[in-house]
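As structure tokens, the structure follows; a few thoughts come after it.
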Amino acid sequence: MSPSDTTPRYSVPGLGVRKGGRVIELLQPRLHALNDLALTLKHIHWNVVGPHFIAVHEMLDPQTAAVRSMADGAAERISALGGEPHGTPGALVSERTWDDYSVGRADALAHLGALDLVYSGVVKDHRRAAEEVASIDPVTEDLLIGHLRSLEQFQWFVRAHLENGSGNLIQAGASSEAEAAEATAPVRKTTGKKTTGKKTTGTKRTAKKATSAKRTR
């Protein structure tokens, strides 16, 4: 099976190769998104600094492990359907529709503001895939629903750090990871003057292959 052909030579009993191929087509981008998310979580784990360092540093390892398990489940489902999961770094980079996570070494809240956007993109696209696959293959729908249950919980953990006293997200309205990171950067005192936290670098996170400026994975 070539990378551009998702129609398997066989599939699970009762589904058929045409429907099986459509499910594979929906699952492959989810596999890429999960692999990318796991790498992003580990990148943040290594690059987070500031007063909230240890809380965020230790919060992200269980999330990383869980997301890696989700990726494994998605890949194995593709194989069970008669497909060929593409899990190499090259396939991820060439087939994904988003750019790399754009925040480097930064304050914990800055990373969490950017990570919230990452989770939003993954969850939205997972929901779309689950809705479409519902009428085709309830087994795959159940797999994606299980992912969503954990992904939405992880995003809740992230957002709990970002609520202000009024219950609003302090980075609400940010359209890129850099904007979200800047909005959540704490005010620090240096030589008696208040200065904002160092701005993170990185380009606006827009889809490489899509025209929409929305963050999707």
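The values are calculated or read from the model by the stated rules, or taken from the named source; none is laboratory data. This one's a predicted model, so the numbers in the text were calculated from it and none came from an experiment. Cβ atoms come from the backbone with ideal geometry, glycine included; neighbour counts cover every protein chain shown. With ligands, DNA and RNA removed, areas are computed over all heavy atoms of the protein, side chains included. Shrake-Rupley method; radii C 1.70, N 1.55, O 1.52, S 1.80 Å.
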Which members of the range 135-146 meet the condition of being in contact with a Lys or Arg (Cβ under 8 Å, 6 or more places away or on another chain) and either polar (S, T, N, Q) or under 14 Å from S120 (Cα atoms) (or both)?
-> T140
Odd one out for G50 among (1) open to solvent by less than 70 Å² (accessible area, probe 1.4 Å); (2) modelled with pLDDT of 95 or more; (3) not charged (D, E, K, R) = (2)
Modelled with pLDDT under 90 and within 24 Å of W46 (Cβ to Cβ) - does that describe any residue in the range 186-195?
-> yes
Scanning for something closer than 19 Å to P62 by Cα and surrounded by fewer than 20 Cβ atoms within 10 Å (Cβ to Cβ), does the range 130-144 turn up at least one residue?
-> no
Residue check, S150 at pLDDT below 95, of a type in the set (S, T, Y) and either open to solvent by 80 Å² or more (accessible area, probe 1.4 Å) or part of a helix (DSSP H, G or I) (or both) = no
Search the range 92-103 for residues that are closer than 10 Å to P29 by Cβ and pair each with any residue that is of a type outside the set (V, I, T) when their beta-carbon atoms are under 7 Å apart and the residues are at least 6 apart or on different chains.
-> E95/H32; E95/H86; R96/H32; R96/D36; T97/A207; T97/K208; T97/K209; T97/A210
When the range 66-92 is examined, which residues are found to be open to solvent by 60 Å² or more (accessible area, probe 1.4 Å) and under 27 Å from L109 (Cβ atoms)?
-> R68
Within the range 157-164, is there a residue that is open to solvent by 20 Å² or more (accessible area, probe 1.4 Å), of a type in the set (D, E) and assigned to a helix (DSSP H, G or I)?
-> no
